[in-house]
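Below: the structure, in structure tokens.
The numbers here are math on the coordinates, done by the rules we state, and not lab data. Quick caveat: nothing in here was measured; it's all calculated off a predicted structure. Glycine gets a Cβ as well: all are built from the backbone with ideal geometry, and neighbour counts include every protein chain shown.
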Amino acid sequence: MKRASSADTPSPGWALAMPPGPSGRVKITEEYAKLVARDVYFWAWPMVNIYNRRLALKDVKDFVMAGPVPTAPLNRFAMLTDYIDPDQRMVACPNQDVVYGAGSMALDFSPVVVQVPDFGYRFWVYQMVDLRTDGFVQLGKMYGTTPGFYLLVGPDWRGEVPKGITKAFRSPTNTGFAAPRIFMDDTPEDRQAIQNVLRRVMMYPLSEYDGAMKSKDWSKIPKVAAIATGSGETKWVFPDRFFDELPVVLADAPPLPGEEARYAQARALLDALKSNPALKPAMIKAAAETEDQLITPLLQFRNWGEQLPFHWSAISNGADFGVDYFTRTAVARSNILVNAPGETKYYYQDLDSAGTRLNGASRYTVTFEKDQTPPVDGFWSLTLYNEHHFFAPNPLKRYSLGTKNKTLQYAPDGSLTIYVQVDPPPEAWRANWLPSPKDGDFSLYLRAYWPKTAIIDGSWTPPAAQKLS
């Protein structure tokens, strides 16, 4: 018999330091399996969401425009050349202030290089999130990022950073998502001016790095038919597949400090499922119930968040959720891929000043008093979304108002009133009209990019949505 070496012998305090966890060999009841399944489905929902976005791109070989959506192979992103199309359904609550890019990262395949061209005066920020939707880079105008090349590596990469790379960022997971945002005015002149810099906004595997800035004319990538979409966001998490995908997801996102017991419960459940497959129907049923009873209601902004005056809500830990499972899942369900608080502050509104649901059957105003528009170093905008958190069609094709709009009309007292209604306001205020749907509920969503101190410390909050009729 082989004698145990000293390295195989636990320390004297091992039992105290590492209390025993659940064993997958223990027979468990169906009701307990449902209990654990319900819990893990809720807190792992955002991770499975990001994982399935990666899976959806695993067979993509080249850049394409899939209908209104820019699509790229893994470890690359594709850029739009204009505001995002209202028909896209890949991500809820898009904005029409920036030119977006999008792509999934598979850092277990390769590190990736991200190019930062010289944006000059233009606001920009590159969002890179891990499997948990937490940010792991600081790349943007607010960080004073200089033009050049930046490296993104996975948790286990031990290679040498090549010469010419300005900085490397390490992701805590191998799977992630990239979403660069470059501000563009709503003018023909700026649409033309931005095109040259967009060509050099790129991400690619480290093997292609040669120290030279690469370029891509995004307006010329092939167009293919869009996948059929409905009224809501594309579905990314499926109760009947969830427990098959969970082992890979948990392995890619090791437990944060304090999560060890939670992970142990989930893994013991998966082990029990291997020895007793009859548990699976009950687990899937529990997951489906959790989707319906807990996660679906989180699409509504009024059901979560820090409560602010006039029924607005917000969060203070965007892209840095840690073990705040409720907020992470609420954000992932309602408006996934939010920026970090120092990059963007988001304010959410479902209700008017009286606490009544915003609805297209009524007219509203949002008035910023003199010098009280959102205090930002970047830009701000007020966007209207329908009940599914997508743009509400209207004849003007106008879905937001803010810094990008150069014709907003201020009152003699210096205040700015935005008219939220289905019919046009008086001619003098048409530039301030944010069209609402003819009927049906809708939401307002205020973005403040590169917020100033008054937003960050909470001393500034948005004005009420006042019902007129």
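Taking segment 133-230, how much of its Cα-Cα pair set, in percent, is spaced more than 19 angstrom apart? The partial results should precede the final answer.
Working: 2739 of 4753 pairs.
I get 58 percent for the Cα pairs in segment 133-230 exceeding 19 Å.
Scoring 136-149, 250-263, 328-341 by mean Cβ neighbours within 10 Å over their residues and listing the highest first yields 328-341, 136-149, 250-263. For segment 63-221, the calculated P(r), taken from all Cα-Cα distances in 10 Å bins from zero up to the bin holding the longest distance, is 11, 42, 37, 10, 1 percent. Using the alpha-carbon centroid of each, what span in Å lies between segment 366-414 and segment 183-203? Their Cα centres are 21 Å away from one another.
Which FRET efficiency value, to the nearest 0.05, is calculated for Trp429 and Gln195 with the Förster distance at 30 angstrom and r the Cβ-Cβ distance? Walk me through the intermediate numbers first.
On the way: r = 33 Å, r/R0 = 1.09.
After rounding to 0.05, the efficiency reads 0.35.
Quick one: check the C-alpha center-to-center distance for segment 255-292 versus segment 432-469, whole angstrom. Cα centroid of segment 255-292 versus Cα centroid of segment 432-469: 40 Å apart. So which of Lys235/Lys345; Lys58/Lys235; Lys214/Lys397; Lys404/Lys438; Lys141/Lys223; Lys345/Lys406 end up more than 29 Å apart, counting from Cα to Cα? Where the Cα-Cα span goes over 29 Å, the pairs concerned are Lys214/Lys397; Lys141/Lys223.
Only residues of segment 430-446 count here: report those whose backbone N is under 20 Å from the spot 7 Å along Cα→Cβ of Lys406, or say none. Within reach of a label on Lys406: 430-433.
Counting only Cβ charges, +1 for Lys and Arg and -1 for Asp and Glu, the dipole size of segment 19-67 around its Cα centre is about 100 debye. Within straight-line reach of Lys216, meaning a Cα separation under 18 Å, sit the following lysines at least 8 residues removed in sequence or on another chain: Lys61.
The candidate values were (1) 92, 54, 45; (2) 64, 49, 48; (3) 78, 70, 42; the one computed from these coordinates for Cα extents along the principal axes in Å carries the label (1). Ranked by the mean number of other Cβ atoms within 10 Å of their residues, highest first, the peptides 405-417, 38-50 fall in the order 38-50, 405-417. Of the residues Leu198, Val91, Val116, the one whose Cα sits farthest towards the positive end of the charge dipole of segment 63-221 is Val116 (charges of +1 on Lys and Arg Cβ, -1 on Asp and Glu Cβ, taken about the Cα centre).
Using a 10 Å cut-off on Cβ atoms, rank the peptides 235-244, 125-134 from the highest mean neighbour count down.
On the way: 235-244: 16.7, 125-134: 24.5.
Taking the mean over residues of other Cβ atoms within 10 Å, the ranking is 125-134, 235-244.
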